[in-house]
Amino acid sequence: MNIEALIQAQQEALMASIEGYGQPKLSAAVRNAFFAVPRHLFVQRYREYVRPDWRVVDESSLWRHLPAIYRHDGLGIYGPDDNGVVATISAPGFVLWMLEELQVQPGMRVLEIGAGSGWNAGLLGCLVGGNGAVDSVEIVGALAAAATQAIARAGIENVRILHGDAGGALQGDRPYDRAIFTTGSYDLPAFLYDRVREGGLLEFVLKCPGGGDVVMVFRKEGDTFVAQGGRPCEFVPLTGQGRMRELDAIPLGDFEPWAELSGKVERTQPFFMGERGDERFLARTFGLRSYLAVVEPRMRGFVDGFGMWDEPSRSLALVRPGRLTVHGGPAAGEALDGHLQSWMARGMPSMATMSVTAYRAGSAPAPRASQWLLRRPATHFVWEAT
């Protein structure tokens, strides 16, 4: 058995799949990096999303795992021994697309938040070349150690895997030309305002309360970061100091007013956005949910839906697959109706289609008409529907 021939065949088949179906061709630099930094070197064990069991990859069994590793899909690589996943190696096509958007050039210094498997850091190391450098920070010790070993196996010498929380793990004060997140966050950490050079690019994954993320490329302009829209995606959440669990979706039963409101139904009506029952509900409603997360501080995310909570009137408008119910009084339902009409009149924008400028907390100007200010502890985002 010629394992190298099998690996090459899998790489070529995956590249053909990524570049197929009318998708734009990858640049020569990104394409070459893909073949130069083999993905299988960064997968020691994995879990497919449809299977709860871990599969261990070693030299004797590698050939059996190549179809899974080189499939156009993400894989879980770290987490508890149940269905939970703490870290993944992302779908190859999306990884390469993100690298294209980051516009990495030879000789650059690049910062990565979330080393994970180390594969993305390895690809970045190939792109910056011998005169460039990559610092990749990983908060999970076991992942940092495995990524360091994988980088060494791949023979890459210009990538450092740093263990720790991102802000505290970095050394020196020289700014980076590029920075990239491989994990989703509700807030843009404050240290990045001083760590990305003027004109540099930051590829940031912003989480939407209630579920769903959007990856955006920000350009550093003075003491701000400016982005013109992005692309919906799904990433594991940031851990460590910047984690904001209070914005995660919660079970409806954990929402304190629900015990009082559940039996007080003001009105109910069908509500569909193209999904069939529960299928793809969060994805289908991402546009509306992310718009509400920007413009409406009363928006709440639940595990099986989303809603608007009007505390003064003790009223809740609740959207779940197939239906809208208003509880406790009409105020929340009327407010949601108004937002639905405004959202449709604006062309149904989402976080992925709006422009946004990120300011250090406390420095953002007052929003103008058709702008909204979203406050987080480290960063204040000013959104605009374009």
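The values are calculated or read from the model by the stated rules, or taken from the named source; none is laboratory data. All figures in this text were calculated on a predicted structure; none of them were measured in a lab. Cβ sites come from the backbone with ideal geometry, for glycine too, and all protein chains shown count toward neighbours. The protein model used for the area step is the full one, side chains on, heavy atoms only, and it has no ligands, DNA or RNA in it. Shrake-Rupley method; radii C 1.70, N 1.55, O 1.52, S 1.80 Å.
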Provide the descending list of Cα extents for the stretch 52-118 along its principal axes, expressed in whole angstroms.
39, 26, 20
On the protein heavy atoms, probe 1.4 angstrom, tell me the percent of accessible surface of the chain carried by carbon and sulfur.
51 percent
Note to self, the chain gives a 222 nm [θ] from helices alone (DSSP H runs n ≥ 4, -39500 (n - 2.57) apiece, / all residues, nearest 500) of -8000 deg cm²/dmol
When the chain is modelled as a GNM with alpha-carbon springs shorter than 10 Å, which of G211, G172, G116 fluctuates the most?
G172
Each label point is 7 Å from the Cα along the Cα-to-Cβ direction; what then is the distance between the points at Q171 and I250, in nm?
4.2 nm
Just want to confirm a number: the relative contact order over the stretch 69-123, from Cα pairs under 8 angstrom separated by 6+ residues, in percent.
28 percent
Please check: in the Gaussian network model of the chain (C-alpha springs, under 10 Å), which one of D177, D165, D58 has the largest mean-square fluctuation.
D58
Largest first and in whole Å, what are the equivalent-ellipsoid semi-axes of the stretch 1-79 based on the Cα gyration tensor, each being the root of 5 times an eigenvalue?
23, 16, 11
How high is the FRET efficiency from R243 to N2, r the C-beta distance, R0 45 Å, rounded to 0.05?
0.45
Between helix 331-345 and the chain: long-axis angle, C-alpha atoms, 0 to 90°, nearest 10:
60 degrees
Say we join alpha carbon atoms closer than 10 Å with springs in a Gaussian network model of the chain; which of A366, A166, A145 then has the biggest fluctuation?
A366
The stretch 83-171 - accessible surface per residue (Å², probe 1.4 Å)
35 Å²
GluC sites (Glu not before Pro) within the stretch 139-216, DSSP loop, no more than 14 other Cβ atoms inside 10 Å:
E157
Within 10 Å of each candidate Cβ there may be at most 14 other Cβ atoms; applying that plus a DSSP loop requirement, which chymotrypsin sites (Phe, Trp or Tyr not before Pro) in the stretch 20-49 survive?
Y21, Y49
Electrostatic dipole magnitude of the chain [Cβ: Lys, Arg +1; Asp, Glu -1; Cα centre; debye, to 20]:
440 debye
Pop a pseudo-label 7 angstrom from the Cα along the beta-carbon direction at both D58 and A259 and give the gap in nm to one decimal.
5.3 nm
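Using DSSP to define loop residues, name the GluC sites (Glu not before Pro) in the stretch 29-103 whose beta-carbon has at most 11 other beta-carbon atoms within 10 Å.
The qualifying sites are E59.
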Compute the orientation-averaged projected area for the stretch 331-386 from the convex hull of its Cα atoms and round it to one decimal in nm².
4.6 nm²
Would you mind telling me the antiparallel percentage of the DSSP bridges in the chain, rounded to 5?
75 percent
Could you compute the FRET efficiency for S27 and L340, with r as their C-beta to C-beta distance and R0 at 51 Å, rounded to 0.05?
0.80
With Cβ to Cβ distances under 11 Å as the rule, what net charge do the other residues near L102 carry (K, R +1; D, E -1)?
-4
Run the quick spin-label model on F35 and R314: label points 7 Å from Cα toward the beta carbon, then report their separation in nm to one decimal.
6.9 nm
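For the stretch 249-315, what does the accessible surface come to per residue with a 1.4 Å probe? Please give it in Å².
Heavy-atom SASA per residue in the stretch 249-315 reads 54 Å².
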Of all DSSP beta bridges located in the stretch 103-228, what percent are antiparallel, nearest 5?
35 percent
